Amino acid sequence: MAKNDRANFGSKIGVILASAGSAVGLGNIWRFPYETGNNGGAAFILIYLGCVFILGLPIMVSEFLIGRRSRANTAGAYRVLAPRTQWKWVGRMGVLTGFLILSYYSVVAGWTLEYVVEAGTNSFAGKQPSDFINSFNSFSANPWRPLIWLILFLVGTHLIIIKGVEKGIEKSSKIMMPALFILIIILMVCSVTLPGAGAGIEFLLKPDFSKVTGSVFLSAMGQAFFSLSLGMGCLSTYASYFGKDTSLTKTAFSVGIIDTMVAILAGFIIFPAAFSVGIEPDHGPSLIFITLPNVFQQAFSGVPLLAYIFSVMFYVLLAVAALTSTISMHEVVTAYLHEEFKFTRKRAATLVTISCIVLGIFCSLSLGPTKSITLFGLNTFDLFDYVTAKIMLPLGGFFVSIFVGWYLDKNIVKAEITNNGTLKVNIYKIIIFILRYIAPVAIAIIFINELGILK
Ligand code: PHE
């Protein structure tokens, strides 16, 4: 029964764009720039690229094959492929991770809606850089406004989930992803030509390895997992809707390239703009909400209409990029509840949405009214971000690589990667080698090193 009302992607390009829709989101345009800023710039980016291509892509192929082979939600997948073992806990941890990320991610997704409205009512016009800092701070500290947007965003996600993913996502991804790409390129050109932008470009291109510590590695790895939607069964859930003839390696490669391009281009928008107006690049989560509105004003100062149009378009597209990601996280938890506990899809989705709203409210308030309540020195929002991105996702990736590299029958792995021998995949051996030896060891070393530093 579960199979029929699950979504199914209609075309190969739909598969790529939906997976890229999950991957490309706030992680690229919001999180990547401030993590880069916090971790010293170009050296971080190099380590990040290593994490994406050496660890990320083989693990993405693994998640794809787990999902497509089992045709089940992420916890069910391990039940199908490894019956009566404890592997199901890896799937369950993924579900929990997705649920936690969705809760705090939706807070930021909600901010994008506020900025759509601000841009739409032309309230950026005539503001100075310091005004943008003040207005962001007063908005995020406001007890009500962010909550309303958070709820709206989750309800929007909910409505798409209960309608089924295929028509909404696949169709909108085909329009929105290329549009986002074009807009990003235009904005990048504007940003790098701002006066004083050179310092930002240098920050992105000149690695300073003296800033590299264990925690820079951990941040880069966490960012790679987060941005590629890996380590929580998100892409395995999507892959359970893939067709038999989809090439898993090609899809993974396309998603990896698209996701990385968007992140790097976003860096070239934010940093030149930030340096140009003297904003510190390590500004944290508020970075893009302060620098970007300013870029629009400065770059098009002679043509206010253009500044207006670009601001509105950008925040609309940012909201859409966030939406295609929240849907994918919501789907992980909804599919799990629906298939494992036999809730109707609608009821499962409602449960997810309501619980995420409640948790999201805590996260949102922790940036303003309840800022002083902290654990390990982090407020709820930062704690959720740290625990999920830097611990749970890499841990999920670790287990996925062991599962496919060591546990799963090699015939199954080969059959999935080569589509039953119909595809020639030259890098098959490399993928297996990485999954067996490189990925688990690298993740373990980065963890142990960081824990040592913490002590
Ligand atoms: N990859 C998404 C982004 O970059 C976030 C995400 C993480 C989505 C985990 C799904 C699963 O915004």
query = So which residues in region 185-241 are away from the ligand (no atom under 16 Å from the Cβ) and hydroxyl-bearing (Ser, Thr, Tyr)?
reply = Ser191, Thr193, Ser210, Thr213, Ser215
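When you check Val80 against the structure, is it in contact with a Phe, Trp or Tyr (Cβ under 8 Å, 6 or more places away or on another chain), farther than 16 Å from Phe398 by Cα and surrounded by fewer than 24 Cβ atoms within 10 Å (Cβ to Cβ), yes or no? Step through it out loud before you land on a result.
On the way: in contact with a Phe, Trp or Tyr (Cβ under 8 Å, 6 or more places away or on another chain): no; farther than 16 Å from Phe398 by Cα: yes; surrounded by fewer than 24 Cβ atoms within 10 Å (Cβ to Cβ): yes.
The answer is no for Val80.
Scan Leu180, Leu159 and give me the residue that is touching a residue at least 40 places away in the same chain (Cβ under 8 Å) and either within 16 Å of the ligand (Cβ to nearest atom) or assigned to a helix (DSSP H, G or I) (or both). Show your work before the answer.
On the way: Leu159 fails: touching a residue at least 40 places away in the same chain (Cβ under 8 Å).
Checking each option against the conditions leaves just Leu180.
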Extreme residue, surrounded by the fewest Cβ atoms within 10 Å (Cβ to Cβ), among residues of region 291-339 that are more than 18 Å from Leu102 (Cβ to Cβ) and either in contact with a strand residue (DSSP E or B) (Cβ under 6 Å, 6 or more places away or on another chain) or of a type in the set (Ser, Thr, Tyr) (or both) = Ser301
key: Failed item in (1) modelled with pLDDT of 90 or more; (2) over 27 Å from Tyr115 (Cβ atoms), with Leu359 passing the rest   = (2)
key: Sole residue being free of Cβ contacts under 8 Å to residues at least 60 places away in the same chain and β-branched (Val, Ile, Thr), chosen from Val400, Val441, Val404   = Val441
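Quick check on Ala77: is it under 27 Å from Leu26 (Cβ atoms) and away from the ligand (no atom under 15 Å from the Cβ)? First the steps, then the outcome.
On the way: under 27 Å from Leu26 (Cβ atoms): yes; away from the ligand (no atom under 15 Å from the Cβ): yes.
Answer is yes for this residue.
Which residues, counting only those in region 100-125, are touching a residue at least 60 places away in the same chain (Cβ under 8 Å) and outside any helix (DSSP H, G or I)? Quick ask: steps written out before the conclusion?
Taking region 100-125 first, the residues touching a residue at least 60 places away in the same chain (Cβ under 8 Å) are 100-113, 115-116, 118-120, 122, 124-125.
Listed by number, the residues that qualify are Asn122, Phe124, Ala125.
From the residues in region 126-151 that are small (Gly, Ala, Ser) and in a helix (DSSP H, G or I), which one is nearest to the ligand (Cβ to nearest atom)?
Taking region 126-151 as the starting set, the residues that turn out to be small (Gly, Ala, Ser) are 126, 130, 135, 138, 140-141.
Applying the additional criterion that residues be in a helix (DSSP H, G or I) yields 130, 135, 138, 140-141.
Values: Ser130: 29, Ser135: 24, Ser138: 26, Ser140: 19, Ala141: 24 Å.
The selected residue is Ser140.
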request  = Would you check if there is a residue in region 340-362 being of a type in the set (S, T, N, Q), at negative phi, buried (at least 22 other Cβ atoms within 10 Å of the Cβ) and in a loop (DSSP other than H, G, I, E, B)?
outcome  = no
ask   = Out of curiosity, is Ile258 within 20 Å of Ile29 (Cβ to Cβ), among the β-branched types (Val, Ile, Thr) and away from the ligand (no atom under 16 Å from the Cβ)?
value = no
request  = Mind telling me which of the residues Gly120, Gly110, Gly94, Gly67 ends up being under 20 Å from the mean Cα position of the chain (by Cα) and more than 28 Å from Gly243 (Cα to Cα)?
outcome  = Gly110
task = For residues that are over 23 Å from Phe296 (Cα atoms) and charged (D, E, K, R), scanning just region 175-219, find the one that is surrounded by the fewest Cβ atoms within 10 Å (Cβ to Cβ).
result = Lys206
request  = Examine region 267-285 for a residue that is more than 16 Å from the ligand (Cβ to nearest atom), within 17 Å of the chain's Cα centre (by Cα) and modelled with pLDDT of 85 or more, and state whether such a residue exists.
outcome  = no
remark   = Checked pairs for region 325-338, first free of Cβ contacts under 8 Å to residues at least 40 places away in the same chain, second of a type in the set (A, V, I, L, M) and part of a helix (DSSP H, G or I), C-beta under 6 Å and 6 or more apart or across chains, list as Leu337/Ala348
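Please enumerate the residues belonging to region 393-426 that are among the β-branched types (Val, Ile, Thr) and either assigned to a helix (DSSP H, G or I) or under 26 Å from the mean Cα position of the chain (by Cα) (or both). I'd like the intermediate steps shown before the answer.
Step one: filter region 393-426 for residues among the β-branched types (Val, Ile, Thr), giving 400, 402, 404, 412-413, 417-418, 422, 425.
Answer for region 393-426, where residues must be among the β-branched types (Val, Ile, Thr) and either assigned to a helix (DSSP H, G or I) or under 26 Å from the mean Cα position of the chain (by Cα) (or both): Val400, Ile402, Val404, Ile412, Val413, Ile417.
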task = Report yes if some residue within region 34-47 is in contact (Cβ under 8 Å) with a residue 60 or more places away in the chain, within 14 Å of the ligand (Cβ to nearest atom) and not β-branched (Val, Ile, Thr); otherwise report no.
result = yes
query = Which one of these does Ile417 not meet: (1) among the aliphatic types (A, V, I, L, M); (2) surrounded by 21 or more Cβ atoms within 10 Å (Cβ to Cβ); (3) under 30 Å from Trp144 (Cβ atoms)?
reply = (3)
ask   = Do you know which of the residues in region 363-391 that are among the hydrophobic types (A, V, I, L, M, F, W, C) and in a loop (DSSP other than H, G, I, E, B) is surrounded by the most Cβ atoms within 10 Å (Cβ to Cβ)?
value = Leu367
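The values are calculated or read from the model by the stated rules, or taken from the named source; none is laboratory data. This structure is a prediction, so every number in the text was calculated from the model and none was measured. A quick note on method: Cβ atoms are made from the backbone with ideal geometry, for glycine too, and the neighbour counts reach across all protein chains shown.
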